[in-house]
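What follows is a set of notes on a single structure, which appears directly below.
The values are calculated or read from the model by the stated rules, or taken from the named source; none is laboratory data. Note that the coordinates shown come from a computational prediction; the quantities given were computed from them, not determined experimentally. Counting neighbours? That spans all protein chains shown, and the Cβs are built from the backbone with ideal geometry, glycine included.
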């Protein structure tokens, strides 16, 4: 926190001056002056600095449109095996605001231009200084495609990943802010981020650290900054998450490159990642701050499959004449050894994304930029209206409002710009046989000639009871010992229903080697109500994160895993209830009889039964009736006699 | 309670309990007969079984149109021709290397798992574009099938299907192709490695379909379905139902347990009885007899079946066969949760008829009750019933049981090092003859005879009851085969006829002799003494427990009963002689 304390001092100075001014001027004047500042700032941002017309007329002028701190780029990179990486990048900045240290002055930041309206209040309400949100799905094939875009710093594990730097007077307060933050983001992005609670949250120690040049400001010198992180591996990423993403952009997907962002196409891909990073940046001298936000949408599509799907939504078998057969092998009307996919490629991105780019963004200081990263044997042209243009560096500025399209063609699509090789391949799998215990096995492969240093971050749910002592190393190199690989371990043990197991290990993977680290765990039983509605699906274990520190900064993630816990048959409780009730009923009956009835010997009982049983009663009744009848029969005789 | 009271009084008044005790021996036999009778007479008759149904609604078999047809056939033939050439000219190692290249062309990640003992296995993972990579479905095609035929059609089909699947965007589970050397040890070794030591993995495997289509024929007659897992495990009935549903939907006939084509249309008592008994036989011998491949996946929470194309001249073509795994994969892919938990215990009477556990379990329960009654008979129906619990006879019989158990354990282990089935059988024949030989020389005290038997039958009953739910078929068959031992009588006066009768009963109920005789009778592929080698192999290669159940569950009881059949003398006479 020392790093940033000077900012606080500066802010303090600023506050004192503001207070001094407030002494001199009436309060409403102060508000005016702030508003004027904002206006001036807007003008500063505009191109025409010498313009004397008021800002409102600037907005109406079509010759000199107002331009904001907004920038958008589209990078298109063909990958091996006919894949294409499309990376949509949006940068935006908020207006500056003074750090408000008086509680009652809460509306200093009320004017927003290109910066999304909902983000600012969330950040300030929860005292969030840095916010990182990732929605990632699919498998990045690092063997074929090389490094992840942006060295893996902009993509998360499968599902949702969220981490933030939150300012707070204590860890508990920061945690409260974190929960508020998660709930707000949940509503904003239509995702189940609200399921983040303390049992999923960790406070990373050496992973996810902000870089040195992110000077994170501290608004209150009494509080400190907390780095908090959680991930939801079972969150499916879908169109309802993309729509809020696009809505955050000032262009709203109506113009500029964001007009290509159609959920059906973005998610029909082998890998896609949506990311948002918000930073709070404060000026050293003025003490004024602004938010800067980066919003990236990245997707990898298989070009032939996507193009074919545009023509024929169902991938039915090809017609016999469309088959590409290997002529060196037997082929005729009945058999065909298929050739690999064609290397000749000729497509427009409008066919991949379903529509064309609707002109420029109209807002940014710099025009929307489309860049294709291809070697010389590719022809990339931008199509504006009916005209095709090329440039030397394959980068195009979108200036006009005409629909734009980008055309790619090459005779050898296998020749692509060689991306840097991943410094480390990480994979992780569950091992083991039964339902009560299991193992976790992580495989690290270092393909390079130099040792790789990394921090391996794992956050495991509390119902996996980890045995750290069972940590074992598997390697072909028998000289390698656990101590030479694991340099240090940070371990925060799980607490049932409260805290996950949090493991961070500093590892060194020797050059050109593959090794596996494994440990064992027990699966605990959950309470009846703790199972999710789809209990039989199993529990998703979030991806492990490998933060490589040397030889270069890179982040790699393993895939997420599915853990089976022994799951009760949920119809069983009803059977149990019925059985228990029966047993209880029987027991009660017996007990009640014992208490309420008289104990007799068998003979006594027989004697009483002989007189009181229904049978005896019937017999007595019969006797009575017979007696009655006999009397009736005899009476008339008597009368007759008497007569 | 009045009703129970009346009943109790009635029982007391007619003296049912003493009558019951005096008839225990006959009642025990009756239990066994009732159990067997129910199984044979009752279960396959109308009204006792149910039509199968799909329990998990998400499966939706055959709801999506299967497109594996038309030009896919050309591609299949293209691959098959190549594989047919490789079969003759190259080793499995080279074939794997070549096939691995084919698979990589359409985006399948491949790796070769090498097992020094059982050969190498090529496997590839197609990562589902829509899935989260945590679950997988396996399609396996061993290079050689259970009969040693080259599985050209099956392997070509698996490769073509993978290529075909890679074009579909619908998958939510990864698809794994496994090409192992054989459907038994080599496939099992891969499955074990997948769950312990493989670096390339694709999540937990939900289902496995083993394809067996030997030769290069384009046509086949009908589909044979194999589903018996190891140690009495069966795949979820839903998977079998889906397979049957899809196969019949495509117009093919399904044969269970190798029933010939001519008997597939029959639906009468005899056909159902036959299928059920064959099912019990296959379940008992699963892993011991020929393995079709689905056994290899058993036990890892993987539902697996084998589809085998039979015949070469029939009306159906190989792509029709391929549409079964296609539609099955589509079904399993629909699963959001797991297969339904209460659908693992069943006996199939026909592809579409089954008996659920509640109905058939009683038969094996009756047999084990027979053993309990026999044990009670040995305790209650003699003049030593009143012996105190801690009397020397009881303690000695428990000790004798421990000795028998130890001896049985040593036998089970020794056989791994000296697999001499003939020696084992002859030893047991000689041991059975021990009472006959010793009849005049050594005698045992009568209470020992009764107590040894009581302990033996009780142990047998405990073993059978514990085995009931785990491995119904084995429990039933073992109970019935071991039952003759309860009919042995304690003899005192060297009666030759009774001694010979005892000898016959003991011989018949010996675990090894009975297994040998029955297996020779029902399973021609395990003729001679091959079954013992197969039992050992099943344990070593697949982890099938049957050998240990025979040795540790059955053999100790038999040893005790054999010993107890030595001529006995009354306590009084023994004292007098002393």
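Observations on the structure shown:
- Top-ranked residue in region A:492-548 [being in contact with a helix residue (DSSP H, G or I) (Cβ under 7 Å, 6 or more places away or on another chain) and in a loop (DSSP other than H, G, I, E, B); ranked as modelled with the highest pLDDT]: A:500
- Residue check, residue B:133 part of a loop (DSSP other than H, G, I, E, B), closer than 30 Å to residue A:302 by Cβ and assigned by TED's automatic domain parsing to the domain that holds residue B:259: yes
- Residue list for region B:75-88, restricted to those being within 14 Å of chain A (Cβ to nearest Cβ) and either touching a residue at least 24 places away in the same chain (Cβ under 8 Å) or out of contact with any strand residue (DSSP E or B) (no Cβ under 8 Å at 6 or more places or on another chain) (or both): B:75, B:76, B:77, B:79, B:80, B:81, B:82, B:83, B:84, B:85, B:86
- Verdict on residue A:621 being surrounded by 10 or more Cβ atoms within 10 Å (Cβ to Cβ) and not in a loop (DSSP other than H, G, I, E, B): yes
- Filter pass, residue B:160 being surrounded by fewer than 21 Cβ atoms within 10 Å (Cβ to Cβ), facing chain A (nearest Cβ under 10 Å) and not in a loop (DSSP other than H, G, I, E, B): no
- Of the residues making up region B:336-356, not a single one is over 27 Å from the mean Cα position of the chain (by Cα) and away from chain A (no Cβ under 14 Å).
- For region A:67-115, a residue qualifies if it is closer than 24 Å to residue A:182 by Cβ, touching a helix residue (DSSP H, G or I) at 6+ places or on another chain (Cβ under 8 Å) and at pLDDT 90 or above, and exactly one does: A:90.
- Neighbours by Cβ (under 8 Å, 6+ apart or cross-chain): first from region B:131-143, closer than 17 Å to residue A:559 by Cα and more than 7 Å from every other protein chain (Cβ to nearest Cβ); second modelled with pLDDT of 95 or more and part of a loop (DSSP other than H, G, I, E, B): none
Let's see how each residue does on (1) under 23 Å from residue A:83 (Cα atoms); (2) crowded, with 18+ Cβ neighbours inside 10 Å; (3) at the interface with another protein chain (Cβ under 8 Å from one of its Cβ atoms):
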{"position": "A:251", "(1), (2), (3)": "no, yes, no"}
{"position": "A:260", "(1), (2), (3)": "yes, yes, no"}
{"position": "A:263", "(1), (2), (3)": "yes, no, no"}
{"position": "A:270", "(1), (2), (3)": "yes, yes, yes"}
{"position": "A:273", "(1), (2), (3)": "yes, yes, no"}
{"position": "A:296", "(1), (2), (3)": "yes, yes, no"}
{"position": "A:301", "(1), (2), (3)": "yes, yes, no"}
{"position": "A:306", "(1), (2), (3)": "yes, yes, no"}
{"position": "A:332", "(1), (2), (3)": "no, no, no"}
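- Among the residues making up region A:309-329, those that are at the interface with another protein chain (Cβ under 10 Å from one of its Cβ atoms) and more than 32 Å from the chain's Cα centre (by Cα) are A:316, A:317, A:318, A:319, A:320, A:321, A:322, A:323, A:325, A:326, A:329.
- Meets criteria (within 25 Å of the chain's Cα centre (by Cα) and within 14 Å of chain B (Cβ to nearest Cβ)) for residue A:425: yes
- Residue B:144, sole failed condition from (1) surrounded by fewer than 24 Cβ atoms within 10 Å (Cβ to Cβ); (2) within 26 Å of residue B:339 (Cβ to Cβ); (3) within 24 Å of the chain's Cα centre (by Cα): (2)
- Number of the condition not met by residue B:491 [criteria: (1) at pLDDT 95 or above; (2) assigned to a loop (DSSP other than H, G, I, E, B)]: (1)
- Residue check for residue B:203: modelled with pLDDT under 95, within 12 Å of chain A (Cβ to nearest Cβ) and more than 21 Å from residue B:77 (Cβ to Cβ): yes
- Some residue of region A:145-157 being within 14 Å of chain B (Cβ to nearest Cβ), in a strand (DSSP E or B) and buried (at least 23 other Cβ atoms within 10 Å of the Cβ): no
- Considered as a group, the residues in region A:366-379 that are surrounded by fewer than 17 Cβ atoms within 10 Å (Cβ to Cβ) and in contact with a strand residue (DSSP E or B) (Cβ under 7 Å, 6 or more places away or on another chain) include one that is farthest from residue A:308 (Cα to Cα), and that residue is A:366.
- Candidate set from region B:230-245 (those that are touching a helix residue (DSSP H, G or I) at 6+ places or on another chain (Cβ under 9 Å) and within 14 Å of chain A (Cβ to nearest Cβ)); member that is farthest from residue A:334 (Cα to Cα): B:231
- Residue match in region A:187-200 (condition: in a strand (DSSP E or B), in the same structural domain as residue A:290 (by TED's automatic domain parsing) and either modelled with pLDDT of 90 or more or under 22 Å from residue A:294 (Cβ atoms) (or both)): no
- In region A:400-414 there is no residue that is assigned to a loop (DSSP other than H, G, I, E, B), in contact with a helix residue (DSSP H, G or I) (Cβ under 8 Å, 6 or more places away or on another chain), more than 14 Å from every other protein chain (Cβ to nearest Cβ) and surrounded by fewer than 18 Cβ atoms within 10 Å (Cβ to Cβ).
- Restricting attention to region B:239-273, the residues that are over 30 Å from residue B:206 (Cβ atoms) and surrounded by fewer than 17 Cβ atoms within 10 Å (Cβ to Cβ) add up to 10.
Results for (1) at pLDDT 95 or above; (2) in a helix (DSSP H, G or I); (3) closer than 30 Å to residue B:372 by Cα; (4) not assigned by TED's automatic domain parsing to the domain that holds residue B:249, shown as yes or no for each residue.
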| position | (1), (2), (3), (4) |
| --- | --- |
| B:47 | no, no, no, yes |
| B:75 | no, yes, no, no |
| B:84 | no, yes, no, no |
| B:123 | yes, no, no, no |
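- Restricting attention to region A:419-455, the residues that are closer than 14 Å to residue A:142 by Cβ and assigned to a loop (DSSP other than H, G, I, E, B) total 8.
- In region A:572-601, the residue that is modelled with the lowest pLDDT out of those that are within 12 Å of chain B (Cβ to nearest Cβ) and surrounded by fewer than 10 Cβ atoms within 10 Å (Cβ to Cβ) is A:597.
- Among (1) under 30 Å from residue A:327 (Cβ atoms); (2) more than 14 Å from every other protein chain (Cβ to nearest Cβ); (3) in contact (Cβ under 8 Å) with a residue 40 or more places away in the chain; (4) out of contact with any strand residue (DSSP E or B) (no Cβ under 7 Å at 6 or more places or on another chain) - the single one residue B:94 does not satisfy: (3)
- Residue within region B:167-177 that is more than 30 Å from residue A:308 (Cβ to Cβ), buried (at least 23 other Cβ atoms within 10 Å of the Cβ) and more than 14 Å from chain A (Cβ to nearest Cβ) present: no
- Pairs linking a residue in region B:9-20 that is on the phi < 0 side of the Ramachandran plot to a residue that is surrounded by 11 or more Cβ atoms within 10 Å (Cβ to Cβ), with Cβ atoms under 9 Å and 6 or more positions apart or on different chains, are B:10/B:16; B:17/B:11; B:20/B:27.
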